[in-house]
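Read the structure below first, then the notes.
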Amino acid sequence: MFCLHTSKVGRLWTPPLGVKYADFMSKPNPKPQTALYFNLTVLAAFFHAFMEWLFFVTQSSSLSTLSWFDKLKVFFVTGGVVSLLPLLLLLALIIPARKWKTPGYIPAALMLSLTALILLDNFTYTVAQFGIVSTTGAWRILYIAGLAVIFYGMFRFIRRQTLWKGASYLTSSLLAISAVGGISIYAARNSALDGYSLAPFSDRPNIIIIGGDGLSARYLSAYGFDEDTSPFLAELMGSSLVAENAFPNASSTTASTTSILTGQEPAEVKVYRYPDILSDEDSLKHLPGILQNAGYQTVEIGAPSYVDARKVNIANGFDIVNGQSYENPILDALQPALGNSPSAYFIQIVVERISQRLMHIFFISDMENPFEAVNNPKARITDAERKDQIVSLLEDSDEPLFIFAHFMNTHGPHFGSDDNNSTVESPNAEEEWDVELYKDAIRNFDGHVREIYSRLAESGELENTILVIYTDHGYRYVVNARIPIIIRFPNADHAGPVANNAQIVDIPVTLLDYLGAEKPEWMSGMSLIGEEPPADRHIVSITAGSPKKIKPPFYQIKSVQVLVCQKWYVLNVQDLEWKTGEVFGHTAPCDPSLLPPEDEIRQKIVDYLEHYEYDVSGLK
């Protein structure tokens, strides 16, 4: 029973009979305080997810091509998953929090501190090109001290918070929406490779694809250039299938390397440039996955971010990517529930962005700057190192190998060379796109291919290896110039020229044809073995625009090109410009009277974009 006493100063309340007043007041009901900790933690986690989502949704990113409905789904699902770790930490601290209160605020304060660290790093790197990634040595201690100060401030801030009565409804709603989004993704999962495997065959030759970045056929002596830039490739062509008039399907490295690995054009998979990704079942439709299922050891030797199966979301395909095991604890944990959805990929990015920064400032591992690793010849790994990795794999592997390597010395605008004896001098060496240095880089690439070929011959593996030489795009990213495609099969099978137009997406189909496998329905290329491609074949290539110009209705697309025989037709969908021209050095030109009229090709481009669900009303 409760005793109420009334006096002039108001009512006085006494505790239940047998309970001391001091004891009663020292043991408040823990439920409201626990709810406060829970709500603060969830809201802090969703705030972190929102700030990361806002950062990516407002620039060129993996979210760019998604509808706003799907973009919002990514946010809510990410917020729910990001909440799990701080909530687990809160669960571990809840018992001491009931006694001392202070531990209960730690998860929320920690989440806000990490958010502040990311925001600060984004700001300083965007404004001053300075951030955690550029900090070396003992200077990292400043970030450790700064993080401690931020945490102290956030902890004091969190302790002062008292949430409104509806806070629990808000957090419950956020988690419920996240759960609904996750369930919808789970229900839509699909394994694209189910039911598809290579037909039985006795031989599984090694497959080595070597790409030289930005190789234009017009600068290769093997393709008729008057300077001796590629003597070994010229020799190799004598025992190889050679596409005399081959063209890329994309202007960017990321899109083009994705095309050769998937056998699909950029518009089919919505990958036009870094950081576009393969989503859902597209992330499972690719050549390395097929070969991995057939018992191949699959290895990618590329470049951070731009030629990186992990960054483009090629799932279940490579055993090793850029020197690291493809195993990813984050994706491995998410894949059973979220598959290879944009949400799963975005969660991986969010977690990696904070974990890489923390490991860098705490001296655990160095954070890599992908832009420097690709565009600065002095910062990126050398092509000599890539060559040595290929040789080492050939020497050590007991399984058939699939190696996808991308050499970077010929990457512009600044070209590199591993040849310390090079005597090339150029008055424009410090300028971008210096042609003399470009030709020297081609000679360097030619030498590396020669060494790999020699090792194959010396080890007895040459006639057990398919060697493919190709490039991602032409010099200065053009798509209307011829590129090399050279395929050397065991015992020089199928050697000879392919005169009519070929394209990069033909390569995986050709390889599967040689292995005796049927072409998967998702691959859009054709085999170059046997019959010539049709003379009037239409080849579609897409040039990606500047990230600053990404906007509806065509987003990353700047222009679409259709190439027929020696003539190219280009519609710039950003500036609404139409151009045509002829390919330099085409070796199998058609009679001009047989070429399609411009109006027909322009309509084909409009229909092509409409087929892939772009709003073409502005083009009609």
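Measuring from a point 7 Å past the Cα of Asp203 along Cα-to-C-beta, which residues in the stretch 499-521 have an amide N at less than 18 Å?
510-518
List the extent of the Cα atoms of the chain along each of their three principal axes, largest first, rounded to whole Å.
Here the Cα extents, ordered largest to smallest, are 111, 56, 55 Å.
How big is the antiparallel share of DSSP beta bridges in the chain, given as a percent to the nearest 5? Mind dumping the intermediate values first?
Values: 33 of 58 bridges.
The antiparallel proportion sits near 55 percent.
Relative contact order for the stretch 523-620: what is it in percent, counting Cα pairs under 8 Å that are at least 6 residues apart?
Answer for the stretch 523-620 is 21 percent.
Evaluate Rg over Rh across the stretch 273-358, taking Cα atoms for both radii and Kirkwood's formula for Rh.
Details: Rg = 12.5 Å, Rh = 13.2 Å.
We get a ratio of 0.94 for the stretch 273-358.
Quote the charge dipole size of the stretch 443-527 about the Cα centre in Debye, to the nearest 20; the model charges only the Cβ of Lys and Arg (+1) and of Asp and Glu (-1).
420
Per residue, how big is the convex hull around the C-alpha atoms of the stretch 24-155? Give it to me in cubic angstrom, could you?
Cα convex hull per residue, to the nearest whole number: 127 Å³.
So how far, in whole Å, is the C-alpha centre of the stretch 571-620 from the one of the stretch 521-561?
That distance is 11 Å.
Normalised by the residues of the chain, what does the relative contact order come to in percent, with Cα pairs under 8 Å and at least six apart?
Numbers: 1083 pairs, mean separation 108.6, N = 620.
Taking the mean separation of contacting Cα pairs over the length of the chain, I get 18 percent.
Residue farthest toward the positive end of the dipole of the stretch 454-576, with Cβ of Lys/Arg at +1 and Asp/Glu at -1: which of Pro534, Ala457, Leu512?
Pro534
Using the alpha-carbon atoms, what tilt in degrees (0 to 90, nearest 10) does helix 342-361 show relative to the longest principal axis of the chain?
So the inclination is approximately 80 degrees.
Given a Förster distance of 25 Å, report the FRET efficiency between Asp591 and Arg218 from their Cβ-Cβ distance, rounded to the nearest 0.05.
Given R0 = 25 Å and the Cβ-Cβ separation, E is 0.60.
With +1 on each Lys and Arg Cβ and -1 on each Asp and Glu Cβ, and nothing else charged, work out how big the dipole of the chain is about its Cα centre, in Debye to the nearest 20.
Dipole size: approximately 5480 debye.
Would you please give the FRET efficiency between Leu84 and Asp607, computed as 1/(1 + (r/R0)^6) with r the Cβ-Cβ distance and R0 = 45 Å, to the nearest 0.05?
E(calc), rounded to 0.05, equals 0.45.
Quick one: helix 140-159 against the long Cα principal axis of the chain, what's the angle to the nearest 10°, folded into 0 to 90?
On a 0 to 90 degree scale, this one is about 40.
In terms of modelled amide H atoms, which long-range or inter-chain residues lie less than 5 Å from the amide H of Glu582?
Trp568
Of the chain, which part is the longest with no chymotrypsin sites (Phe, Trp or Tyr not before Pro) in a loop (DSSP not H, G, I, E, B) and with at most 10 other C-beta atoms within 10 angstrom?
Working: sites that count: Phe2, Trp164.
Value returned for the longest uninterrupted segment is 165-620.
How many percent of all Cα-Cα pairs in the stretch 203-272 sit more than 15 Å apart?
In whole percent, the long-distance tail amounts to 64.
Please compute the length gained on full extension between Phe157 and Gln324, using 0.36 nm multiplied by the number of residues separating them and subtracting their Cα-Cα distance. Please report the intermediate quantities before stating the final value.
Numbers: separation 167, 0.36 × 167 = 60.12 nm, distance 4.09 nm.
Gain on stretching Phe157 to Gln324: 56.0 nm.
Mind listing P(r) for the stretch 184-324? All alpha-carbon pairs, 10 Å bins, whole percents.
Taking every Cα pair in the stretch 184-324, the percentages come to 10, 34, 33, 18, 3, 1.
On the protein heavy atoms, probe 1.4 angstrom, tell me the percent of accessible surface of the stretch 213-354 carried by carbon and sulfur.
Values: 1760 of 3690 Å².
Here it works out to 48 percent.
For the stretch 490-546, what ratio Rg/Rh do Cα atoms give with a Kirkwood hydrodynamic radius?
A ratio of 1.02.
With a cap of 12 neighbouring Cβ atoms within 10 Å, and only residues DSSP puts in a loop, list the trypsin sites (Lys or Arg not before Pro) found in the stretch 124-185. Intermediate results must be reported in sequence, preceding the final value.
Details: sites: Arg140, Arg156, Arg159, Arg160, Lys165; in loops: Arg160, Lys165.
Loop-located and lightly packed - Arg160, Lys165.
At a threshold of 8 angstrom on Cα-Cα distance, excluding pairs fewer than six apart, so keeping six or more, what relative contact order does the stretch 381-501 reach in percent? Display every interim value, and only then the final one.
Numbers: 107 pairs, mean separation 24.1, N = 121.
Computed value for the stretch 381-501: 20 percent relative contact order.
I'd like the orientation of helix 68-100 relative to the chain: the angle between its Cα long axis and the longest Cα principal axis, in ° from 0 to 90, rounded to 10.
40
Treat each spin label as a single point 7 Å out from the Cα along the C-beta direction, and report the Ile95 to Trp164 distance in nm.
Here the answer is 3.7 nm between the modelled labels.
Binning every alpha carbon pair distance of the stretch 519-620 at 10 Å from zero, what are the percents per bin?
Each 10 Å bin holds this share of Cα pairs: 13, 41, 32, 14, 1.
Tally up the carbon and sulfur contribution to the accessible surface of the stretch 478-620 as a whole percent, 1.4 Å probe, everything protein left in place.
Carbon-and-sulfur percentage of accessible area, whole number: 49.
Longest segment of the chain with no GluC sites (Glu not before Pro) in a DSSP loop having at most 12 other Cβ atoms within 10 Å?
In the chain, the maximal stretch lacking such sites is 1-226.
Might you tell me the accessible area per residue for the chain, computed with a 1.4 Å probe and given in Å²? Before the final figure, lay out the partial values.
Values: 28740 Å² over 620 residues.
Solvent-accessible surface per residue comes out at 46 Å².
Give me the log10 of I(q) over I(0) for the stretch 453-578 at q = 0.13 Å⁻¹, as the Debye formula computes it from C-alpha points; what are the numbers?
With one equal scatterer per Cα and no solvent, log10 I(q)/I(0) is -0.68.
Okay, helix-only estimate at 222 nm for the chain: each DSSP H run of n ≥ 4 adds -39500 (n - 2.57), divide by all residues, round to 500 deg cm²/dmol; what do you get?
-13500 deg cm²/dmol
The values are calculated or read from the model by the stated rules, or taken from the named source; none is laboratory data. As the structure is a prediction and not an experimental result, all values here were calculated from the model. Virtual Cβ from ideal backbone geometry, glycine too; neighbours counted across all protein chains shown. Quick note on the areas: whole protein, heavy atoms, side chains included, nothing else; ligands and nucleic acids left out. Shrake-Rupley method; radii C 1.70, N 1.55, O 1.52, S 1.80 Å.
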